[in-house]
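Contents: one structure, followed by commentary.
Nothing in this text is a laboratory measurement; each read-out follows from the coordinates by a stated rule. The shown structure was predicted, so the numbers you read here are calculated from the model rather than taken from an experiment. Heads up, the Cβs are rebuilt from the backbone with ideal geometry, glycines too, and the neighbour counts pull from every protein chain shown.
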Amino acid sequence: MAFELSKKHWKLGFTTGHGQKPRERTVAARHQARVLQEVAQAKRRFGLPESAPVVSCDEAGREGFWRHRFLKSQGITNHVVDSSSIEVNRRKGRAKSDALDVRKLVSMLIRFHHGEGGVWRVVHVPTVEAEDQRHLHRDLETLKQERASTTTRIQGLLSSQGIRLTSLSKFPEQLDALRLWDGSPVPHDLRQRLLRVWAHHEFLSQ
């Protein structure tokens, strides 16, 4: 079984081996019960017992690994594949359809399952605990990036008025003393905007 994923729908492709046209079905995205129903129906269609093992694959993406864990909990052997390692070069802009992709994924899954190397790269799926422990570090990195963007925004707003500051360590006090090209103070609305950005900068720092 292979998954071709989109935000609203998942296309499933089923087969029992090379030379057999895949059975293709579309289900609503994240509809777990429908996936299991389609697996059961595919087994009946292929004349397999309910206990027949299922091997599946899907591409790593923004939805993370919950789908892999769900399939594993149902006794399905799932492989999460690095999208960039799949043989089809999607950067060349060739036309593609879901049907073509799901058939190709099924074919590649068969090759991989039979031991062929170099078909694709399988992603290591972390445990729930290990994945959860990453959030604090990633949150810190995100906050640092957001704080850097506030610094860039302040400097850009000042630069538009011909003012350059190399340090913002005492920005509110500095703002009072800043003057435009003609000696006039920073205009009121611009000043208020700068102070709002600075307040956000301080919030992120804390």
Whole-number D in µm²/s for the chain (Stokes-Einstein; Kirkwood sum over Cα pairs; 20 °C, 1.002 mPa s): 100
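Using DSSP, restrict attention to beta bridges with both residues in the chain and report what percent are antiparallel, rounded to the nearest 5.
Bridges in the chain that DSSP calls antiparallel: roughly 65 percent.
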Average projected area [Cα convex hull, segment 133-205], square nanometres: 5.0
Too-long pairs where the Cα-Cα distance tops 26 Å, listed order kept, from LYS8/LYS144; LYS72/LYS144; LYS7/LYS104: LYS8/LYS144; LYS72/LYS144
C-alpha long axis of helix 188-205 to longest principal axis of the chain, angle in °: 50
Selected from ALA40, PRO185, THR127, residue furthest toward positive end of dipole (the chain; charges at beta carbon): ALA40
Within segment 163-206, backbone nitrogen closer than 11 Å to the virtual label 7 Å beyond the Cα of LEU143 toward Cβ: 203-206
Given the chain, longest segment not containing exposed loop chymotrypsin sites (Phe, Trp or Tyr not before Pro) (DSSP; at most 15 other Cβ within 10 Å): 47-180
